[in-house]
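Since the structure comes first, as C-alpha cells, the remarks are kept for the end.
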Amino acid sequence: MAEQEESRKVQYPLNSKDYEIIDEIGRGASAIVYKALCIPMNFSEVAIKSINLEKSKADLDNIRRETKTVSLLSHPNILKAHCCFTVDRRVWVVMPFMSAGSLQSIITSSFPNGLPEPCIAIILKETLCALSYLHDQGHLHRDVKAGNILMDSNGSVKLADFGVSASIYESSSSSASSAGSSSSSLMLTDVAGTPYWMAPEVIHSHTGYSFKADIWSFGITALELAHGRPPLSHLPPSKSLLMKITTRFRFSDYEKSNVDSKKKKFTKSFKEMVGLCLDQDPSKRPPADKLLKHSFFKYCKGPDFLVKNVLQGLPSVEQRFMMSKLRKVVSMVKNDEEKDEEDSLEENIKRRRISGWNFNVEDFELNPVFPTEKGNDENPEKKHVTFGGETVISDKEGDSDAASNTSISGQVLDVSIESKPAASVNAENMLNRLFVLRKSLDDQRNMLTDVISTVFGKRPNPEIISREDQLLQIIEKLRNDLEAVKKKNSELELEIEFLKLQSTNE
Amino acid sequence: MKALFKSKPKTPADLVRQTRDLLMYADRTSDTRETKREEKMVELSKLIRELKSILYGNSEAEPVAEACAQLTQEFFRENTLRLLINCLPKLNLEARKDATQVVANLQRQQVHSRLIACDYLEANIDLMNTLINGYENTEMALHYGAMLRECIRHQSVARYVLESEHMKKFFDYIQLPNFDIAADAAATFKELLTRHKSTVAEFLSKNYDWFFAEYNTKLLESTNYITRRQAVKLLGDILLDRSNSAIMTRYVSSRDNLRILMNLLRESSKSIQIEAFHVFKLFAANQNKPPDIVSILVANRSKLLRLFADFKTDKEDEQFEADKAQVVKEIAALEPN
C-alpha cells in the first residue's frame, strides 16, 4: 500500500523543455494532443494535451475544474493526468500515451461497419466500470462516446477527456455563491456534450438531468461501436432537429430495423442492454453499477481478446491522425465550392469536438460504395479500396458534402467513384509518396539524434548542451519546413485531383 | 454471527463518534507495520464515506435534515474537524476526497438555525494555517484548498485569512508550477477578495499600499500569461464593485497604475487587452483626474485613439462599444494642463 502511494508520487517534470514532441495525434477547437517523450524519464512515451487558453474564451474556471478532476481521479479505466503546467498561453496536461488511440479512430480506420460483439462487450464493460466509479464520486462525464474511449497496446480500455465533465458537489458550490442553497437536488441544468450522444433530458436542459444522462450516451456509444456510427448521424448535428427527433424516435427499435438491413446479428442480451440505456425516462435507465451485472457482461473476455481481434494490423495513431488531416484538406478544397450551403448549416453546429463524428458521417455515406471485403480484380475502383488502411483518402471525397448536404454528397460520390477511378489512384500514389517522405525524414532525424548523443554523450556541459539544443532546433526547423512543403504538395495534388474530377463531371 | 448484528442501524452520532475514535488512533500511530492499522484505516475510510452519504444522500435517497443536524452537532461537539484535517495525509486518495466533501458540506449545515461550523472555526482559527500551508504540499494542496474555500464562506474566517500573514503567500501560490494547484490557489484568492464585500473593502483600505504594490509587480507584471490574465480580470472585478469605490478612486489616481494598465492594453493577447480595457476605462472616466494622469493620457492620445479605433470583442458587445465610445470621447476632449 505504502509502496503504491510512493509510485504514484513519481513527479513528472513541470517544464516543457523536459518533453520532446514527436507527433500530433489529435486536434480540437482549442486543444491539440501530441505524442511526446519525457526526456528525464528514460524517454518514456506520454500524451500531452495542449489547451490554448487564448482560444478558450470560457473562463479559466472550466479548465481548472477539468485539471482538478483528472488529478484527483484514480481508477484503472480512467485516463489520469501525470501533471499539468502552463507553457506561455497554453496549459499542458501530461497523460499516459494510449498507443491504440480512440475507439472512434479505430472504427473509422479499420471497422467502418462496427466491431464484433465480443469486442464491444469488453470495451463497454471497462467503460462502465469507469462510469460506475465516476458516478460514485459524484462526477458526470457528460461526453461519453467512442471518441473519448481510448485503448492501449495491451488492450486496456480507459475513459478520457473530462473537458465538459461536472461534479454535482462542485456545481452547487460554484452557483451557490449567489444562491447559497444547499445541495440536495444533485441536478445539473446546463447543456453540454456532443449532440448525437446527448440524452433527451440534456437537450431539454430546463428539466434538469443527472447520472442517467451518461447512461444514455453509453447506450448510443454501444450502437456506435456496433454500427460504426451513432444513430441519426446522417443528419446535421443541429440541436433543434435532434430535439424533435429524439423525443419521437424510439431508439430501442433502432436495432431491429437496422440489423435486418445490414444482415448483422447481435445477441438478444446486447439489444436488451442497449434498450435499457435508451429509455426515454431517465429514472428507468439502470445506474452504472446495476448495468454492470447485466447478462451481456457476464461472459466477457479479457484484454488479450481485444489485442488479437482489434489491434492487429491497425495503423498507428499517428498514421490515422495524418490521414484524417489529409481528409480535411480535401474537404477544404470542396468547401470552397459549396460554402454557402455549408455556412447555413454549420451555424447550428457546436464547433468543439466536431472531429469526433464528422468522419463517421461520411463512412455511413460511403459504405455501399466501398465494401470492406476484397473486391474482384476486373473492377478497377474496388482495387484501391483494399490498399492498407488508406480507404479513408477516397472517403474524403464525400466529406464536406456529407456534412453539408446528404443528397448532394450522394451525387458527387456516385460520379467520383463510378466514372473516375483514376482520381483515387492519384491520391493513393500521393499518400504513398508522403509516407516514404515521412519515413526518410524520421530516419534522418533519428540518425542525427544518434550522432549527437554518441558524439557528446550525456555530459552536463552547458556549452555542449546549448550546441545540442542548436542542432535540435535546426532539425526542428528543417522538419517544419518539410512538413509545410508536404502539406502544400498534398493540397495541390488534391486540388488537381478535384479539378480533374470536376472537369469530367461537366 | 457477525452478519446478524451488522444490520443494526447506527445513528449518525454513533458514526461520528466511531470516526473520531479511529481518527484519534490514526493520529497517534504512524507505524505502518502495525498489523491492525491497515484494517482500522479501511474501517475509517468506510465511515467517512457513510458520513458523506448521510450528508449528500445517494442514488436511492435524498439527505434527511434531522440526520444531517445530528451528525453536524456531534461532529463539532468535540475536536473531530481538527483530527480529520491533521489525519488527512494519512488517508488514501478516495478517503481524502470523501473527507473533503464532508467538511465542505458541514460548513453549510444549520443546527437550530445556527451555522455551528462557523462557531467552531472561530474558536479553532489556527486550523486555517494548516489548510493554507497545504498549498505547499503537492499531495495535499487540492484537498486542503477545497476545504479552505468552503471555510472562507464564513465572513469571520475570511477576515482572519485576509488579515493574516498568509495573505502575502497567495501571490506566490498563484504562480506555483503545478497548474492545477496554482489555479486552485487563484480561485481561493479570488473568493477572498470578492465574497464578503464589507470585509474586503475594509481590508483593502487598511492594506492598500502593500497589497497593490504586490499586486502590480507580482501579478500584473508577471512573466506568466495566466497570472496576468487572471490578475487583470480580478482587478476589474474588485475596482468595479460599488463597495470598493473609495479604493477604486485611489487606484485610478496613480500614474504607476496607469502605466501598468496601458502596457497591458498593448499586449498581443486579446483576452488580456479586453480585461485591461475594463480597468483602463476607469482612469479615463474619473472626473477628478490628477494632472499627471491627464498629461500621460494627453501625451499618448493619438496612440490610444488609434488603438481603440480597431479594438473589438469577438462577439458583438453593446456595453463594450458604449464604454469604448465614452473613453474615446473623454480622451479626445482632454485639455493639456
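The values are calculated or read from the model by the stated rules, or taken from the named source; none is laboratory data. Predicted, not measured: the structure shown is a model, and the values here were computed from it. Here Cβ is always computed from backbone atoms with ideal geometry, including for glycine, and neighbour counts include all displayed protein chains. Heads up: the accessible areas ignore ligands, DNA and RNA and are worked out on the full protein's heavy atoms, side chains in. Shrake-Rupley method; radii C 1.70, N 1.55, O 1.52, S 1.80 Å.
Tally up the residues in the stretch B:205-237 that are away from every other protein chain (no Cβ under 14 Å) and more than 21 Å from B:HIS166 (Cα to Cα), please.
1
Considering only the stretch B:224-235, I want to know if a residue exists there that is over 22 Å from B:ARG195 (Cβ atoms) and of a type in the set (Gly, Ala, Ser).
Looking through the stretch B:224-235, none of the residues is over 22 Å from B:ARG195 (Cβ atoms) and of a type in the set (Gly, Ala, Ser).
Working only within the stretch B:116-132, note down all residues that are over 13 Å from B:ARG77 (Cα atoms) and either in contact with a helix residue (DSSP H, G or I) (Cβ under 8 Å, 6 or more places away or on another chain) or crowded, with 17+ Cβ neighbours inside 10 Å (or both). Steps first, please.
From the stretch B:116-132, those over 13 Å from B:ARG77 (Cα atoms) are B:122, B:125-132; that's our starting set.
Hits for the stretch B:116-132 are B:GLU122, B:ILE125, B:LEU127, B:MET128, B:ASN129, B:THR130, B:LEU131, B:ILE132.
Quick one: is A:THR69 in contact with a Phe, Trp or Tyr (Cβ under 6 Å, 6 or more places away or on another chain), away from every other protein chain (no Cβ under 14 Å) and crowded, with 21+ Cβ neighbours inside 10 Å?
no
What do you reckon, is B:ASP292 out of contact with any Pro (no Cβ under 6 Å at 6 or more places or on another chain), of a type in the set (Asp, Glu) and within 21 Å of B:VAL232 (Cα to Cα)?
Taking the combined requirement at face value, the residue does not satisfy it.
Select from the stretch B:243-279 the residues that are within 14 Å of chain A (Cβ to nearest Cβ) and aliphatic (A, V, I, L, M) and write down the one among them that is farthest from B:LYS289 (Cα to Cα).
Looking at residues that are within 14 Å of chain A (Cβ to nearest Cβ) and aliphatic (A, V, I, L, M), I get B:ILE272.
Residues checked against (1) more than 8 Å from chain B (Cβ to nearest Cβ); (2) open to solvent by 40 Å² or more (accessible area, probe 1.4 Å); (3) under 20 Å from the mean Cα position of the chain (by Cα); (4) touching a residue at least 12 places away in the same chain (Cβ under 8 Å):
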{"residue": "A:ASP23", "(1), (2), (3), (4)": "yes, no, yes, yes"}
{"residue": "A:ALA29", "(1), (2), (3), (4)": "yes, yes, yes, yes"}
{"residue": "A:TYR34", "(1), (2), (3), (4)": "yes, yes, yes, yes"}
{"residue": "A:PHE85", "(1), (2), (3), (4)": "no, no, no, yes"}
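Going through the stretch A:81-93 one residue at a time, which ones are touching a strand residue (DSSP E or B) at 6+ places or on another chain (Cβ under 7 Å) and assigned to a loop (DSSP other than H, G, I, E, B)?
First, pick out the residues of the stretch A:81-93 that are touching a strand residue (DSSP E or B) at 6+ places or on another chain (Cβ under 7 Å): A:81-85, A:89-93.
Answer for the stretch A:81-93, where residues must be touching a strand residue (DSSP E or B) at 6+ places or on another chain (Cβ under 7 Å) and assigned to a loop (DSSP other than H, G, I, E, B): A:ALA81, A:HIS82, A:ARG89.
Could you pull out the residue among B:MET128, B:MET140 that is modelled with pLDDT of 95 or more and more than 14 Å from B:LEU192 (Cα to Cα)?
On the way: B:MET128 fails: more than 14 Å from B:LEU192 (Cα to Cα).
Of the residues listed, the single one that is modelled with pLDDT of 95 or more and more than 14 Å from B:LEU192 (Cα to Cα) is B:MET140.
Which condition breaks for A:ARG90 when tested against (1) facing chain B (nearest Cβ under 8 Å); (2) open to solvent by 20 Å² or more (accessible area, probe 1.4 Å)?
(1)
Would you mention how many residues in the stretch B:82-115 are within 18 Å of A:LEU73 (Cβ to Cβ), open to solvent by 30 Å² or more (accessible area, probe 1.4 Å) and polar (S, T, N, Q)?
Of the residues in the stretch B:82-115, 2 are within 18 Å of A:LEU73 (Cβ to Cβ), open to solvent by 30 Å² or more (accessible area, probe 1.4 Å) and polar (S, T, N, Q).
Against the condition under 22 Å from B:ALA187 (Cα atoms) and in contact with a His (Cβ under 9 Å, 6 or more places away or on another chain), how does A:VAL93 come out, does it pass?
It is true that A:VAL93 is under 22 Å from B:ALA187 (Cα atoms) and in contact with a His (Cβ under 9 Å, 6 or more places away or on another chain).
Taking the stated definitions as given, is B:LEU55 surrounded by 13 or more Cβ atoms within 10 Å (Cβ to Cβ) and either more than 28 Å from the chain's Cα centre (by Cα) or of a type in the set (S, T, N, Q) (or both)?
Judged against the criteria, B:LEU55 is not a match.
Report, by residue number, each residue of the stretch A:122-131 that is open to solvent by less than 10 Å² (accessible area, probe 1.4 Å) and touching a residue at least 60 places away in the same chain (Cβ under 8 Å).
Matches in the stretch A:122-131: A:ILE122, A:ILE123, A:LEU124, A:THR127, A:LEU128, A:LEU131.
Quick check: is even one residue across the stretch B:232-241 charged (D, E, K, R) and either open to solvent by 50 Å² or more (accessible area, probe 1.4 Å) or assigned to a helix (DSSP H, G or I) (or both)?
yes
Of a type outside the set (Gly, Ala, Ser) and under 34 Å from the mean Cα position of the chain (by Cα): does that describe B:ASP323?
Against the criterion (of a type outside the set (Gly, Ala, Ser) and under 34 Å from the mean Cα position of the chain (by Cα)), B:ASP323 qualifies.
Within the stretch B:133-171, work out how many residues are polar (S, T, N, Q) and open to solvent by 40 Å² or more (accessible area, probe 1.4 Å).
Quick first cut of the stretch B:133-171, residues polar (S, T, N, Q) only: B:133, B:137-138, B:155-156, B:164.
Narrowing further to those that are open to solvent by 40 Å² or more (accessible area, probe 1.4 Å): B:133, B:137-138, B:155.
Of the residues in that region, 4 qualify.
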